Amino acid sequence: MPLIAVIVLVVGASHFYFLQEQYAGSWTMYAGLGLPYLVFATLALRDMWEEGVLAERLTPRWGDVGLGGLMGLVLVGAGWVVREQVIPEHGLHRVWVMRILTQVGDAKVIQASIGLTLVILVIAMLEELVWRGLVLPQVERIVGVRRGWILTALLYALAVVPAMWPTKVEPLGLNPFLPAAALGCGLVWSFMAARLGRLAPIMISHAVFTYFSGVVFRVPGT
């Protein structure tokens, strides 16, 4: 449990600091968000190695790319639907979403940069190594399998709550969209990881969701 608390606090601090507008779309932002996950991901790999499940959990199987890609695109579509239902096309609160997209950076620049594209995809996959590869098993040992995936998703969303402050938009206030997305997607990824017992399709799904929602298919009507 102490390690889980450290992960939540460190990830939360990195989101609070590196999602400030001054770092929008920069290598500094991506490094600041990615390095903590890189450190914790090495712990996840170590634990899986010591338990003898590293190959079982990470080796891709036939259909993983299709399953992960489909799951990621379904989540992108679900995000569109939710945003369109919650925020009218010309609603004032749409600026919350635009603030997050501005933080990601210029879509054309990212698509033209192999380096930035790889960084975004790798960070997404590292997140899954940490939350579903390290945190989920530890939580399951504490509260059981049935409740473990739910609590893991809640912890994942909790770690992103500090992002509400640097991405806030006046006069609307704190921006709830990143924690909301983390909770919604986290429930799906945690459930699937617990159900499948493997990480490859979940990592692919997270990478597809992050890239297509943040870079390729941005918010309709904006």
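The values are calculated or read from the model by the stated rules, or taken from the named source; none is laboratory data. None of these values were measured; they are calculated from a predicted model. Because the Cβ atoms are built from the backbone with ideal geometry, glycine has one as well, and the counts that use them run over all protein chains shown.
Annotation: of all residues in the stretch 7-61 being free of Cβ contacts under 8 Å to residues at least 60 places away in the same chain, touching a helix residue (DSSP H, G or I) at 6+ places or on another chain (Cβ under 7 Å) and among the small types (Gly, Ala, Ser), the one that is farthest from Lys108 (Cα to Cα) is Ser14.
The condition (being among the aliphatic types (A, V, I, L, M), out of contact with any Leu (no Cβ under 9 Å at 6 or more places or on another chain), modelled with pLDDT of 90 or more and more than 27 Å from Val8 (Cβ to Cβ)) is satisfied by just one residue among Leu70, Leu118, Leu75: Leu70.
In the condition set (1) without any contact (Cβ under 8 Å) to a residue 60 or more places away in the chain; (2) assigned to a helix (DSSP H, G or I), Val160 is compliant with all but (1). The set of residues from the stretch 196-206 being touching a residue at least 40 places away in the same chain (Cβ under 8 Å) and surrounded by fewer than 22 Cβ atoms within 10 Å (Cβ to Cβ) comprises Gly197, Arg198, Ala200. Selection of helices (runs of 4 or more DSSP H) fully inside the stretch 94-133 by the criterion of at least 1 residues being under 11 Å from the mean Cα position of the chain (by Cα) and not basic (Lys, Arg) returns 114-130. Criterion applied to Gly12, Gly52, Gly25 was being touching a Gly at 6+ places or on another chain (Cβ under 6 Å) and of a type outside the set (A, V, I, L, M, F, W, C), and the one residue passing it is Gly25. Restricted to helices (runs of 4 or more DSSP H) entirely inside the stretch 1-72, those with at least 2 residues that are under 23 Å from Ser113 (Cβ atoms) and within 15 Å of the chain's Cα centre (by Cα) are 2-18, 27-51. One residue is enough: does the stretch 124-140 have a residue meeting the conditions surrounded by fewer than 16 Cβ atoms within 10 Å (Cβ to Cβ) and touching a Lys or Arg at 6+ places or on another chain (Cβ under 9 Å)? No, the stretch 124-140 contains no residue that is surrounded by fewer than 16 Cβ atoms within 10 Å (Cβ to Cβ) and touching a Lys or Arg at 6+ places or on another chain (Cβ under 9 Å). All conditions in (1) assigned to a helix (DSSP H, G or I); (2) polar (S, T, N, Q); (3) crowded, with 20+ Cβ neighbours inside 10 Å hold for Thr167, with the sole exception of (1).
Could you check Gln85 against (1) among the polar types (S, T, N, Q); (2) modelled with pLDDT of 90 or more; (3) over 22 Å from Gln22 (Cα atoms) and say which number it fails? Condition (2) is where Gln85 drops out. Residue check: Gly197 meets all listed conditions (1) closer than 28 Å to Val109 by Cα; (2) at pLDDT below 95 but one, namely (1).
When Tyr17 is tested against (1) of a type outside the set (S, T, N, Q); (2) at pLDDT 95 or above; (3) under 23 Å from Pro137 (Cα atoms), only condition (3) is not met.
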